[in-house]
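Asks: Here it is, the structure in full.
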Amino acid sequence: MKLNLERPLAVFDLETTGINITKDRIVEIAIIRIDPDGTETSYCKRVNPGLPIPPEITAIIGITNEDVKNEPRFEDLAAEIVEFIGNSDLAGYNSNKFDIPVLAEELMRAGSDFEVSKRRFVDVQNIFHRMEQRTLTAAYQFYCQKNLENAHSALYDTKATLDVLKAQLERYEALTNDVTFLADFSKGSNFNLLDFAGRLAVNEQGDAMYNFGKHKGKTIKEVMTIEPGYYGWMLDADFPLYTKQCLRKEMERIRSERQAEQNSETDLQQKLEALKNKFK
């Protein structure tokens, strides 16, 4: 079934030096961009991560330090990756929890102003888990009746993910080929999170709040009053760059709101003083 696209959809997969979002680095990136007219364009590059690939990771992904020693660093590829993705929505397998936050971290380190918050995210794994509770290998076998022979090759996994997504659309009447629907459906339990790591969320009143630690459930605005230093501690601690960016934006919004309130109060006081002086 053809996807109903308002704008391009970039299906992608990453191979990395590990699974730590803040510390590990990309060693291979593969993207298949599907344009609204159905045209598919591929992009695949290996990356010198700037740190050793552990042997246990090489055993899984099949990429050695020797394989990438002469490859470009991510910062050298960032501009062309951003250009290739363009205004696309993003899709992948377990991408909401891993690939998208890792890509966002790498782009932020490279100084890119790539905006993720306005895009829709389709996580094929979340759709699969809600329907069948399996892995990518099992999903490929289940939906496509094929064995995943080359797992952990980024481009191969990306192609398999796209095949699974298309097969899911054919199989389930409850799914539509609209990316907005698929993004909402594949969000799983992350519907109210502000950041990918789940450290910040939105409560039922629509206020940004902390979603971990001693201030879990308290709004950022509330904690700003009772423990102002908590914000600074988070910025200095080992949290993802995107989490820190979300926190900064919320703090800027709160400060701007408070400044507007102060200005309004000052204006009111000035008007009251003017009225008093007028009737003296």
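Each value in this text was obtained by applying a stated rule to the coordinates, not by laboratory testing. Note that the coordinates shown come from a computational prediction; the quantities given were computed from them, not determined experimentally. Here the Cβ positions follow ideal geometry from the backbone for every residue, glycine too, while neighbour counts run over all protein chains shown.
Asks: Work from the charge dipole of region 168-251 (Cβ charges, +1 for Lys and Arg, -1 for Asp and Glu, about the Cα centre) and give the residue of Met224, Gln168, Ala201 farthest towards its positive end.
Replies: It is Met224, whose Cα lies furthest towards the positive end.
Asks: Per the Cauchy relation, a quarter of the hull surface: what is the mean projected area of the convex hull of the alpha carbons in region 162-243, in nm²?
Replies: 7.3 nm²
Asks: What are the residues whose amide H is under 5 Å from the amide H of Ile53, where those residues sit 5 or more places off or on another chain and H is modelled from the backbone?
Replies: Answer set, sorted by chain and number: Asn65.
Asks: Calculate the dipole size of the chain relative to its Cα centre from +1 charges on Lys and Arg beta carbons and -1 charges on Asp and Glu beta carbons; express the result in debye to the nearest 20.
Replies: It comes to approximately 1020 debye.
Asks: In whole Å, what are the Cα extents of region 50-102 along the three principal axes, biggest one first?
Replies: 36, 26, 14
Asks: Right, next: What does the charge count around Gly213 come to, taking other residues whose C-beta lies under 12 Å from its C-beta (Lys +1, Arg +1, Asp -1, Glu -1)?
Replies: Charge balance near Gly213 sits at +3.
Asks: How are the Cα pair distances of the chain distributed, in percent, across 5 Å bins from 0?
Replies: With 5 Å bins starting at 0, P(r) equals 1, 5, 11, 14, 15, 14, 12, 9, 6, 4, 2, 2, 2, 1, 1, 1, 0, 0, 0.
Asks: Follow-up question, since we're still on this one. What percent do you get for the relative contact order of the chain when only Cα pairs under 8 Å and 6+ apart count? Walk me through the numbers on the way to the answer.
Replies: Details: 409 pairs, mean separation 47.7, N = 280.
Computed over the chain, the figure is 17 percent.
Asks: Assuming a strict under-29 Å limit between Cα atoms, what lysine pair count do you get for region 9-190 once near-sequence pairs (fewer than 8 apart, same chain) are dropped?
Replies: Lysine pairs satisfying the spacing and distance rule in region 9-190 number 28.
Asks: Please report how many Lys pairs in region 200-278 have alpha carbons closer than 24 angstrom, counting only residues at least 8 apart along the chain or sitting on separate chains.
Replies: Counting lysine pairs in region 200-278 gives 8.
Asks: Okay, moving on. List, in order, the whole-Hz ³J(HN,Hα) value for each residue of region 97-112 obtained from phi through the Karplus relation with A = 6.51, B = -1.76, C = 1.60 and θ = phi - 60°; use x for Gly and Pro.
Replies: 8, 10, 4, 5, x, 5, 4, 4, 4, 4, 5, 5, 4, 7, x, 7
Asks: Next question, about the same structure. In whole Hz, what ³J(HN,Hα) sequence does region 31-38 give by Karplus (6.51, -1.76, 1.60; θ = phi - 60°), x for Gly and Pro?
Replies: Rounded to whole hertz, the list is 9, 10, 9, 9, 7, x, 7, x.
Asks: Using +1 at the C-beta of Lys and Arg and -1 at the C-beta of Asp and Glu, which of Met131, Thr158, Cys44 has the Cα lying farthest in the positive direction of the dipole of the chain?
Replies: Met131
Asks: Another one. Which one of Gln259, Tyr93, Ile32 has its Cα pushed farthest toward the positive end of the charge dipole of the chain, where Lys and Arg give +1 and Asp and Glu give -1 at the Cβ?
Replies: Gln259
Asks: If you place +1 on the Cβ of every Lys and Arg and -1 on the Cβ of every Asp and Glu, how big does the dipole about the Cα centre of region 66-112 come out, in debye to the nearest 20? Show your work: numbers first, answer last.
Replies: On the way: 4 positive and 11 negative charges, 39 e Å.
The dipole of region 66-112 has a size of about 180 debye.
Asks: Just how large is the dipole of region 200-278 about the Cα centre, in debye to the nearest 20, putting +1 at every Lys and Arg Cβ and -1 at every Asp and Glu Cβ?
Replies: With Lys and Arg at +1 and Asp and Glu at -1, about 100 debye.
Asks: Using only Cα atoms, what is the ratio of the radius of gyration of region 200-278 to 2.2 N^0.38 Å?
Replies: Dividing the Cα radius of gyration by 2.2 N^0.38 Å gives 1.47.
Asks: Return the sequence-ordered ³J(HN,Hα) values of region 252-266 in whole Hz as given by the Karplus equation 6.51 cos²θ - 1.76 cosθ + 1.60 applied to θ = phi - 60°, using x for Gly and Pro.
Replies: Computed from phi, the couplings for region 252-266 are 5, 5, 5, 5, 5, 5, 5, 5, 5, 5, 5, 5, 5, 5, 5 Hz.
Asks: Once every DSSP H run of n ≥ 4 in the chain is given -39500 (n - 2.57) and the sum is divided by its residues, what mean residue ellipticity at 222 nm do you get, rounded to the nearest 500 deg cm²/dmol?
Replies: -14000 deg cm²/dmol
Asks: Shifting gears a bit: What fraction of the DSSP beta bridges in the chain is antiparallel, stated in percent and rounded to the nearest 5?
Replies: Of all bridge pairs located within the chain, approximately 70 percent are antiparallel.
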